[in-house]
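> To start, I am sharing the structure in question, which I have written as structure tokens.
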Amino acid sequence: MKDVDALIGTRPVTGGHPWRRGLAHGLLIAASIGMLYPVLWMLASSLRPEAEIFTNFSIWPASFDLRAYGEGWTALKVSFTRFFLNSAFVASAAVIGNVLACSLAAFAFARLNFRFKRVWFALMLGTLMLPYHVTLIPQYVLFLHLGWVDTFFPLIVPKFLAVDAFFIFLMVQFFRTIPRELDEAAMMDGCGPFGIYWRVILPLSKPVLATAAIFSFIWTWDDFFGPLIYLNDMTHYTVPLALRSFIDSTGRSEWGPLFAMSILSLVPVFAVFLFFQRLIIQGIAMSGLKG
């Protein structure tokens, strides 16, 4: 066997020198600790007495004090239960709107033929380069005339109108990887365009739909600027606005309750990401397989 290996020039496949692998793992661990330290410190600060928050930078509290969580939950005029329900409602509606509207628009661009298709697709992609602040004032004036200010409609209704060009582009790339022979087979069975979309495209597009849903949820849950512009009544506040309310007009803050509620606000985002991370990677990877 050694003679055969010498003749064909084969060598055992190895993963490199052990010290190189150890160095790479050490660098990755150090980078991970550097990125996670602020979150771990905030978690530790929510568990220690407020007098120790800015005097102890360890991520392991000397003593555990859970009072900040109880105080933070009821510190404002409205319970944090209301804020979490508001955020959950807005984020869930945004997920449904983005998945339905963007998938319909992407299906049209990927599968249907209509006049000026390339022009409309280019214009749609061009909206990606528009800063949000450019359209903010016209949108606010429109929603003000509709009487939607201080309601959830400005945060939800646009999602049902396929305004997120990034998701449309992502879905178009994915839909193009689905063989068109399936469309022809469905047409022979009597399906029209909507039947092909509903019975063929959507069932085969779970990874990209899940990716759009997850990013929609995370971005909407973390959105601060939109609710700040359109919501005035505290009973309508979402979690980011509620966290801002811990800081009064003088800049003073109850740091313990603020950190405690901040940690709780991260739980849904971490849970969604960790639970669906496989679908996120699969959806993004498969969306780039075909141009």
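Computed from the coordinates by the stated procedures, all read-outs in this text should not be read as laboratory data. Remember, it's a predicted structure, so these values are computed and weren't measured experimentally. When we count neighbours, we look across all protein chains shown, and the Cβ atoms used for this are built from the backbone with ideal geometry, even at glycine.
> Once you have the Cα-Cα distance between ILE33 and PHE153, take 0.36 nm times their residue separation minus that, and quote the gain in nm to one decimal. Before the final figure, lay out the partial values.
Values: separation 120, 0.36 × 120 = 43.20 nm, distance 4.05 nm.
Full-extension gain reported as 39.2 nm.
> Something else now. Can you compute the modelled spin-label distance between LEU274 and LEU136, with each label point 7 Å from Cα toward Cβ, in nm?
My value for the distance between the label points is 3.5 nm.
> Shape of the range 20-173 from its Cα gyration tensor (a ≥ b ≥ c, root eigenvalues): rounded if a/c is under 1.5, otherwise prolate when a/b > b/c, or oblate?
Judged from the Cα gyration tensor, the range 20-173 comes out oblate (a/c at least 1.5, b/c at or above a/b).
> Sorted by average packing, counted as other Cβ atoms within 10 angstrom per residue and highest first, what order do 165-171, 72-78 take? The partial results should precede the final answer.
Values: 165-171: 21.9, 72-78: 16.3.
In decreasing order of mean packing, 165-171, 72-78 become 165-171, 72-78.
> Suppose R0 equals 25 Å. What FRET efficiency, 1/(1 + (r/R0)^6) with r the Cβ-Cβ distance, do ALA51 and SER79 give to the nearest 0.05?
0.40
> Using a basic spin-label model with each label point 7 Å from the Cα along Cα→Cβ, how many nm lie between TRP219 and SER92?
It works out to 2.2 nm between the two label points.
> If R₀ is 35 angstrom, what is the calculated FRET efficiency for the pair LEU264 and LEU128, using the beta carbon separation as r and rounding to 0.05? All intermediate terms of the calculation are to be shown ahead of the outcome.
Values: r = 33 Å, r/R0 = 0.95.
E(calc), rounded to 0.05, equals 0.60.
> Describe numerically, in nm with one decimal, the distance between label points set 7 Å from Cα along Cα→Cβ at MET188 and at ARG244.
Inter-label distance under the simple model: 5.8 nm.
> Which length gain, in nm to one decimal place, applies between MET234 and ILE178 when the Cα-Cα distance is subtracted from 0.36 nm times their residue separation?
Taking 0.36 nm per residue and subtracting the Cα distance, the gain is 15.5 nm.
> How far, in nm, would the chain grow between TRP198 and LEU100 when pulled straight, counting 0.36 nm per residue and subtracting the alpha carbon separation?
Additional length available on full extension: 34.2 nm.
> Taking a temperature of 20 °C and a viscosity of 1.002 mPa s, what whole-number D in µm²/s does Stokes-Einstein yield for the range 21-69 with Rh from Kirkwood over alpha carbon pairs?
Calculated translational D: 179 µm²/s.
> Within the chain, which DSSP H helices have Cα atoms that stretch 18 Å or more along the helix axis and a mean Kyte-Doolittle hydropathy of at least -1.0?
Once both thresholds are applied, what remains is 18-47, 80-111, 132-146, 206-222, 255-287.
> Let's test the formula: R0 of 22 Å, r as the Cβ-Cβ distance of LEU112 and LYS206. What FRET efficiency results, to the nearest 0.05? Before the final figure, lay out each step's value.
On the way: r = 22 Å, r/R0 = 0.99.
Between LEU112 and LYS206 the formula returns 0.50.
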